[in-house]
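K.L.:
Sending over a structure as structure tokens; questions will come in a sec.
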Amino acid sequence: KDLVPCQVISPRNSLLPLFFLLCAYFYNGCAGELPPSGGPVDTVPPRIIATFPEPNTVGFSGSKVILEFDEYVEEQSVEGSVFISPFLGLLEFDWSGRQVQIRFAEKLRPTTTYVVNVGTDVVDIRNRNRMDRAFSLAFSTGASIDSGSISGRVFDNQPEGVMVFAYRLDSLSSRLLDPSIEKPHYITQTGKGGSFSLTHLSLGPYRLFAVRDEYKNLLYDTGVDEVGMYRGDVALDSAHPSFGGVDFQLTKEDTTRPQLFSASALDQQHVVLRFSKPLDPNRFTSRTNVVVDTLSGERLGTRDGFVDLQNPSSLVLLTSDQKPQIGYRITVDSLFDTTGNVISQKMNSAVFQGAGAPDTSSPEVIYISVRDSARQVPLDARLECRFNDIVRRQNISQAFLLLDSTGSAVKATFRWKTSAAFEFVPATELRSKEWYQIRLPLSAVVDLAGNHGKESLLVRRFETIDKNQMGSIEGEVVDETGSKRRAPVIVRASEVRQKERAVYEVRLPEAGKFQMSRIVEGSYVVSGFRDDDHDGKFSIGKPFPFQSSEVFAFYPDTVRVRARWPVQGVVIRLR
């Protein structure tokens, strides 16, 4: 508000004290209330201190509830965080200071337990502190309150504020349940640390999802919301009315198919295809690509190709000799992105003009995974090398050397990731705190057109880590799910503080004791999962058609690894 203007009065005026009082009054009244300056920063989360009706009221027949907070809160944050189960239509909010009346749009059903949930997105006015846990108010129109409960946790880098949707399966087909269409019967929101609790549930079977509900529409929006699936459905009955340990990991489901944007000839034998998203290099085969002369229908053969690991949205094809100035159409089939989506059949072709210039470019090394003079290289390091073109593998395997400090060659195998990239995998661990040398005469790098690399020697030197600076983690994975399925178990330790997080992994044939050695000093999060599909990756599941996640668990404490000291007693319980 504008300040009220004041008239200047002579100091001799006997009304001078009154004038100052009036100015102070109008200034304070018009400037609005301000929080007192100084003092400690407010870090206390807001709380609900009183309700109407009282918690667990039975025989309730009203048309509204009242909530009172212990401090002033942002009204909009509250109105977007109140959910009533079962659904009662659009709610009407009427504020008075720290108190809000919430009126129902629909009449209450008889003999039904209702739960008013207030999520953790509520913030106070003073310092925007969030509620640290969701609040639930239960009341019943009948003579008793439902007593079922489900609790668990969302494991994520930002686990607070995630919605947990619960669906009663006896009123829905489990096969047809689609959380992008059906709104949940019960809702809550994760609090500090990602924990949640759904209380006052009716007994019966449930399916649960964790959803980062970006649109606040109580629906799962594919490609927008992150989602997590539990490892199965949950049944509450009179013998087991409570169920805990319902844990989730989140992912953003990618259902978008890759599209072919363009094709261009680099020379008479090379064509570069550019796609809308990164491709899976392991699922590419040149046999799935067809190039057709657009004038005569005569086919132009493809000899080989590779996904460019420097830019995985690009695919380089090696063709038979193109005819200059001739228009070609290329059609790509059975090409997959990194999440398994196959290329769109509506956007899988492009036109390019044939090039007449022969391939005379020298092949080059464009990447080596170990920089020159690097230190603390792991003893089990795999050395990756990438080229800008398809190269003759036999030449590389004969010319590429890894020498130890005595000049002896390290025995290893070559694992080709693409036709232009390989990994050099030593047969045994490298020796501790020793200097090694990579040597590759570039003249031995030859492409399929016979072009040689430059007449020079590529050299990279690096030192391995001192094993005396490393520790280990020992423990056991206990499978408490009751499953009789014999499946591998993978245990991982992920460094939590470094920018480039080190990740160590051990694969067990089944649940049991494990040991991870050669771990660099640091703080680690240790987790494990049962690899039911034997693919070596954690399968998070799918919301529709429903696929449960693989069972997983995190060790509850951060593990501190110190040099030369084994950390023992790390027990991971799969539940």
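K.L.:
Between segment 138-167 and segment 242-321, what's the alpha-carbon centroid distance in Å?
P.N.:
When both Cα centres are located, 44 Å separates them.
K.L.:
Which entry in [x] -0.66, -1.04; [y] -0.41, -0.80; [z] -0.52, -1.00 is this structure's computed log10 I(q)/I(0) by the Debye sum over Cα atoms at q = 0.07, 0.10 Å⁻¹?
P.N.:
Read-out from the structure maps to [x].
K.L.:
Hey, what do the phi angles of segment 310-323 turn into as Karplus ³J(HN,Hα) couplings, whole Hz, using 6.51/-1.76/1.60 and θ = phi - 60°, x for Gly and Pro?
P.N.:
6, 9, x, 8, 10, 10, 9, 10, 9, 10, 5, 4, 7, 8
K.L.:
May I pose another question? What is the calculated FRET efficiency for SER523 to VAL478, with r their C-beta to C-beta distance and R₀ = 41 Å, to the nearest 0.05?
P.N.:
Working: r = 24 Å, r/R0 = 0.57.
Efficiency computed from Cβ-Cβ geometry: 0.95.
K.L.:
Could you give the length gained on full extension between LYS542 and TYR72, defined as 0.36 nm per residue of separation minus the Cα-Cα distance, in nm?
P.N.:
Values: separation 470, 0.36 × 470 = 169.20 nm, distance 4.09 nm.
Here the answer is 165.1 nm.
K.L.:
How much net charge surrounds GLN268 when only the other residues with a Cβ under 12 Å from the Cβ of GLN268 are counted, with Lys and Arg +1 and Asp and Glu -1? Walk me through the numbers on the way to the answer.
P.N.:
Numbers: positive: LYS323; negative: ASP267, ASP321, ASP359.
Net of charged neighbours comes to -2.
K.L.:
Same structure again: Just report the Cα centroid separation between segment 174-212 and segment 65-98, whole Å.
P.N.:
Centre-to-centre (Cα) distance: 21 Å.
K.L.:
Right, another one. Which residue, SER314, SER362, PRO324, has the largest displacement toward the positive end of the dipole of segment 279-401 when charges sit on each Cβ (Lys, Arg +1; Asp, Glu -1)?
P.N.:
SER314
K.L.:
I've got another one for you. List every residue whose amide H lies under 5 Å from the amide H of SER195, counting only residues 5 or more places away in sequence or on a different chain, with H placed 1.01 Å from N in the peptide plane.
P.N.:
Result for SER195 returns VAL154.
K.L.:
So, with a 1.4 angstrom probe, what is the percent of accessible area on segment 319-456 that is carbon and sulfur?
P.N.:
Details: 3220 of 7000 Å².
With neighbouring chains kept in place, the figure for segment 319-456 is 46 percent.
K.L.:
Report, to the nearest 10°, how far helix 16-31 tilts away from the longest principal axis of the Cα atoms in the chain, using its own Cα long axis and a range of 0 to 90°.
P.N.:
That helix lies at roughly 50 degrees to the long axis.
K.L.:
Okay, next question. Based on the Cβ-Cβ distance of SER334 and TYR215, what FRET efficiency does E = 1/(1 + (r/R0)^6) give at R0 = 51 Å, to the nearest 0.05? Please list the in-between numbers first.
P.N.:
On the way: r = 35 Å, r/R0 = 0.69.
So, using R0 = 51 Å, E works out to roughly 0.90.
K.L.:
Now a separate question. Starting from the Cα of LYS433, draw a straight line to each of the aspartates and glutamates and keep only those under 17 Å, dropping any in the same chain fewer than 8 residues away.
P.N.:
ASP372, ASP380, ASP404, GLU463, ASP466, GLU521
K.L.:
Just the accessible area per residue of the chain, please: how many Å² with a 1.4 Å probe?
P.N.:
Numbers: 30380 Å² over 575 residues.
Accessible area per residue, the chain: 53 Å².
K.L.:
Treat every Asp and Glu Cβ in the chain as -1 and every Lys and Arg Cβ as +1, leave all other atoms uncharged, and give the resulting dipole magnitude about the Cα centre to the nearest 20 debye. Write down the numbers at each step before the final one.
P.N.:
Details: 66 positive and 70 negative charges, 235 e Å.
Roughly 1120 debye for the chain.
K.L.:
Can you pull the percent of segment 58-189's accessible area that's carbon plus sulfur, 1.4 Å probe, other chains left in place?
P.N.:
Values: 2700 of 6160 Å².
For segment 58-189, the apolar C and S fraction of the accessible surface comes to 44 percent.
K.L.:
For the residue pair ARG47 and LYS64, what label-to-label distance in nm results when each label sits 7 Å from Cα along the Cα-to-beta-carbon direction?
P.N.:
Those two pseudo-labels are separated by 2.6 nm.
K.L.:
Check cross-link reach from LYS537 to the lysines: straight Cα distance under 30 Å, and skip same-chain residues fewer than eight apart.
P.N.:
LYS192, LYS252, LYS277, LYS411, LYS417, LYS467, LYS484, LYS499, LYS513
K.L.:
Follow-up. Name the residue from GLN259, SER373, SER296 whose Cα lies farthest towards the positive end of the charge dipole of segment 248-394, charges +1 on Cβ of Lys and Arg and -1 on Cβ of Asp and Glu.
P.N.:
So the residue we want is GLN259.
K.L.:
Label points 7 Å out from Cα along the Cβ direction at LEU91 and LYS411: separation in nm?
P.N.:
Distance between the two pseudo-spin positions: 7.0 nm.
K.L.:
Could I ask something else about it? Rounded to whole Hz and in sequence order, give me ³J(HN,Hα) for segment 83-89 from the Karplus expression 6.51 cos²θ - 1.76 cosθ + 1.60, θ = phi - 60°, writing x for Gly and Pro.
P.N.:
With coefficients 6.51, -1.76 and 1.60, one gets 9, 10, 10, x, 4, 10, x Hz.
K.L.:
Collect residues whose amide H, placed 1.01 Å from N in the peptide plane, falls under 5 Å from the amide H of ALA412; neighbours closer than 5 in sequence don't count.
P.N.:
ALA427
K.L.:
Suppose each label sits 7 Å from its Cα in the direction of the beta carbon; what would the ASP170-ASP380 distance come out to in nanometres?
P.N.:
Reported label-point gap for ASP170 and ASP380 is 5.0 nm.
K.L.:
Sequence neighbours fewer than 8 away in the same chain don't count; with that in mind, list the lysines whose C-alpha is under 16 Å from LYS216.
P.N.:
Excluding near neighbours in sequence, the set is LYS183.
K.L.:
Continuing with this model, one more query. How much net charge surrounds ASP254 when only the other residues with a Cβ under 9 Å from the Cβ of ASP254 are counted, with Lys and Arg +1 and Asp and Glu -1?
P.N.:
Surrounding charge for ASP254 is 0.
K.L.:
Placing +1 on the Cβ of each Lys and Arg and -1 on the Cβ of each Asp and Glu in the chain, which of PHE196, VAL272, VAL342 has its Cα farthest towards the positive end of the resulting dipole?
P.N.:
After comparing all options, I get VAL272.
K.L.:
Under the 0.36 nm per residue contour assumption, what length would be gained going from the current alpha-carbon distance of SER202 and GLN310 to full extension? Let's see the in-between values first.
P.N.:
Numbers: separation 108, 0.36 × 108 = 38.88 nm, distance 5.40 nm.
Difference between extended and current length: 33.5 nm.
K.L.:
Let me ask something additional. With only Lys, Arg, Asp and Glu charged, each at its Cβ (+1 for the first two, -1 for the last two), find how big the charge dipole of segment 95-221 is about the Cα centre; round to the nearest 20 debye. Walk me through the intermediate numbers first.
P.N.:
Working: 16 positive and 13 negative charges, 65 e Å.
Roughly 320 debye, rounded to the nearest 20.
K.L.:
What does the charge dipole of segment 366-428 about its Cα centre add up to, to the nearest 20 debye, if the Cβ of each Lys and Arg holds +1 and the Cβ of each Asp and Glu holds -1? Walk me through the numbers on the way to the answer.
P.N.:
On the way: 9 positive and 6 negative charges, 29 e Å.
With Lys and Arg at +1 and Asp and Glu at -1, about 140 debye.
K.L.:
Still on this model: With r as the distance between the Cβ atoms of ASP321 and ARG564 and R0 = 56 Å, compute the FRET efficiency 1/(1 + (r/R0)^6) and round to 0.05.
P.N.:
On the way: r = 62 Å, r/R0 = 1.11.
FRET efficiency, ARG564 to ASP321: 0.35.
The values are calculated or read from the model by the stated rules, or taken from the named source; none is laboratory data. These figures come from a predicted structure and were not determined experimentally. A quick note on method: Cβ atoms are made from the backbone with ideal geometry, for glycine too, and the neighbour counts reach across all protein chains shown. Just the protein is used for accessible areas: all its heavy atoms, side chains included, with ligands, DNA and RNA removed. Shrake-Rupley method; radii C 1.70, N 1.55, O 1.52, S 1.80 Å.
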